[in-house]
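A.B. asks: Here it is: the structure, laid out below.
FYI, it's all coordinate maths here, none of it is from the lab. Everything quoted here is computed from the prediction, not taken from an experiment. All Cβ positions, glycine included, derive from the backbone under ideal geometry; neighbour counts span all protein chains shown.
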Amino acid sequence: MSANSTAADRAAQTLSRPFTLGGLTVPNRIAMAPMTRAFSPDGVPGADVAQYYARRAAGGVGLIITEGTYVGHPSAGDNDRVPRFHGEDALAGWKDVVDEVHRAGGRIMPQLWHVGATRAEGSGPVPDAPTVGPSGIGLDGGPAGRAMTQDDLDAVIAAFAEAAAAAERTGFDGIELHGAHGYLIDQFLWERTNRRTDGYGGDPVARARFAAEIVAACRKAVSAGFPVVLRTSQWKAFHYDARLAGTPQELEAILAPLAEAGVDAFHSSTRRYWVPEFEDSDLNLAGWTKKLTGKATISVGSVGLDKEFDPAMFEGGAARSGVAGIEKLLDRMERDEFDLIAIGRALIADPEWARKVLTGDTGALVPFATEQLQTLH
Ligand SMILES: Cc1cc2nc3c(=O)[nH]c(=O)nc-3n(C[C@H](O)[C@H](O)[C@H](O)COP(=O)(O)O)c2cc1C
């Protein structure tokens, strides 16, 4: 990179590089982060949802990861405006989403989701279903729902595998499994919520077993080149200081069985991509994950914003969208510390974010404001 190339040139060059993930080639390094929008009445994504994603595809996003969408298990969700990923009506809606995104030149993966013990009893698409999790323990350490039986585990694993197969059948370009932020898969990974004494709890490898079985089942349900991405995080919803792993060794113990089970890429969710994950190294979580597993990684967290993702975001107060700090991002991407960067709120604010950043038109970026979450633009 010549010393006098501008930040805009650098951004264009670095982020325009294609990336191959299994049988999928993503034309640039910009992904849309999965974001729950709850605009799908009765769990069916409609034309407005299809247009919302197609607008980002037309706006240059290389890979769209959809909002979390519930797998076909009665306890999977707690909001009937969150799209389902099962049932003919919902899958027909998703087919329109895929077709619109492809027509706009994009690529798209659904984020497959089971909320586990965070589910409010009596809520969601199947209000009578029990709330279930690894041990009947919520994120705060108190009681929440009931511990899953082996039959429950088998049913959830099968539901993820069915959703994976449905994703490929529907024309999606891959899947992302939601293993982050304190939802079901992450509840198994985390010591606080997983106190099981069968083979699914105990040391990090045992805590990773449920996730590994889901990955393996999904891998088996789709073609060899169809990418399986797994999102993981240290932080949990409203428990931002939570940690799965305090050292690289602990992280490796959790991730190695997952890589082995067939993950093509990890999506390492952090709230600020520039924060080093462990002492004595500048690498962030995606950087460490790539180094420890040898797999491709997606990073994320406050790109183009000057305010991190936190509850205050939902209570008003604007966060500006710009390209603040993008040089630090480019430094990391030029070193191939990680492979793709996911953009969340900045892409809610501005469907054209990718195109503008890739062409140096950054003066025209629309800033993020919390009110934008009220509508689906
Ligand atoms: C409105 C909203 C909804 C979100 N929903 C999800 C979700 O369904 N699944 C998920 O893994 N992360 C979800 N996230 C987290 C984002 O994917 C992303 O990691 C976070 O916003 C940080 O990226 P940003 O700073 O670029 O916004 C959500 C974030 C926002 C703002």
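A.B. asks: Cβ-Cβ distance below 9 Å, separation of 6 or more or different chains: which pairs start in the stretch 125-138 with a residue that is closer than 10 Å to ARG195 by Cβ and without any contact (Cβ under 8 Å) to a residue 24 or more places away in the chain and end on one that is among the aliphatic types (A, V, I, L, M) and not in a loop (DSSP other than H, G, I, E, B)?
C.D. replies: GLY136/ALA117; GLY136/ALA147
A.B. asks: Same structure again: Can you find a residue that is within 15 Å of the ligand (Cβ to nearest atom), out of contact with any Leu (no Cβ under 9 Å at 6 or more places or on another chain) and either of a type in the set (Gly, Ala, Ser) or over 28 Å from PHE19 (Cβ atoms) (or both) anywhere in the stretch 234-247?
C.D. replies: yes
A.B. asks: Output the number of residues of the stretch 24-51 satisfying the condition of being within 13 Å of the ligand (Cβ to nearest atom) and in a loop (DSSP other than H, G, I, E, B). Explain how you work it out, then say what you get.
C.D. replies: Of the stretch 24-51, the ones within 13 Å of the ligand (Cβ to nearest atom) are 30-40.
Narrowing the set further to residues that are in a loop (DSSP other than H, G, I, E, B) leaves 33-40.
Number satisfying all stated conditions: 8.
A.B. asks: May I ask you to say which residue of GLU252, GLU260 is away from the ligand (no atom under 15 Å from the Cβ), crowded, with 16+ Cβ neighbours inside 10 Å and touching a residue at least 40 places away in the same chain (Cβ under 8 Å)?
C.D. replies: GLU252
A.B. asks: Report, by residue number, each residue of the stretch 353-377 that is more than 16 Å from the ligand (Cβ to nearest atom) and more than 16 Å from GLN13 (Cα to Cα).
C.D. replies: The answer is GLY363, ALA364.
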